[in-house]
Amino acid sequence: MDHNLKAAPAAAAEKEEVLFQWDHQIKMLFNATLWKTFFAIFGIPLTLLGLFLKFAVKVPTVFLPMAGIFAFFFVIWTITGIIIDLMGGFFARYVITDKGIYFASGKKERAIADVATVVGVLAGSLGATGAGLLARSEQDASVEWTKVKKVKVCAGSRYIFIREGFGSKPIGLYCNKENFDQVLALVQSKGKR
């Protein structure tokens, strides 16, 4: 198996047939999937925390600070999206084999994660160090066909979400006009719905 992905160490022992592979530059700023993730990560917890503080602790003006925190992260997210998109987006490499799906990010993304970790350590910032380590852990992923539990298709944005099960690291397949139908057919023939 030679598809240059570190995400497949366990599968490397067996010969795999590569069915399809492609590279994709993932844009961030106008990516509806990433914005949904942003609102799920920041909006839902801040709203729940605000409701808890409002009714359980009886803090009357709790939503103003929560809105400020949300606005802060919104601005950071937007600025990050502008910078990433101006640099061409995130590089992603996908490989679909007869055994599963593999994802790996590019050298630039790995270097950015490493730099964030080192800067965090040198600055003594646990937050920056944690962010760098988290980014590094998201560089590679794989899902075996036999373990696929969920497949969600967003045809309008040519995005296919694949997960093994709750708590597992999913893979989001960003396709282009030319390969979306072929990738979707492969996923539907191999994965479970």
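Just so it is clear, none of the values below were taken in a lab; they were calculated from the coordinates. Because the structure is a prediction, the values reported are computed rather than measured. Here the Cβ positions follow ideal geometry from the backbone for every residue, glycine too, while neighbour counts run over all protein chains shown.
Structure values in brief
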quantity	calculated
Taking I76, I171 and counting other C-beta atoms within 10 Å, the order from fewest to most	I76, I171
Extension gain, Q25 back to L51 (0.36 nm per residue minus Cα-Cα distance, nm)	5.5 nm
Cβ-based exposure ranking for S168, S142, S105, in which fewest neighbours within 10 Å come first	S168, S105, S142
Subset of K147/K177; K27/K147; K27/K149; K99/K190; K36/K177 violating a 20 Å alpha-carbon distance limit	K147/K177; K27/K147; K27/K149; K36/K177
At R0 = 41 Å, FRET efficiency that the Cβ-Cβ distance of I69 and K147 yields, to 0.05	0.65
Positive minus negative residues near L19 (Lys, Arg vs Asp, Glu; Cβ under 13 Å)	-1
Which of T97, T78 has the fewest Cβ neighbours within 10 Å, and the rest in rising order	T78, T97
Two-decimal Rg/Rh across the stretch 28-87, once Rg and the Kirkwood Rh are taken from alpha-carbon atoms	1.11
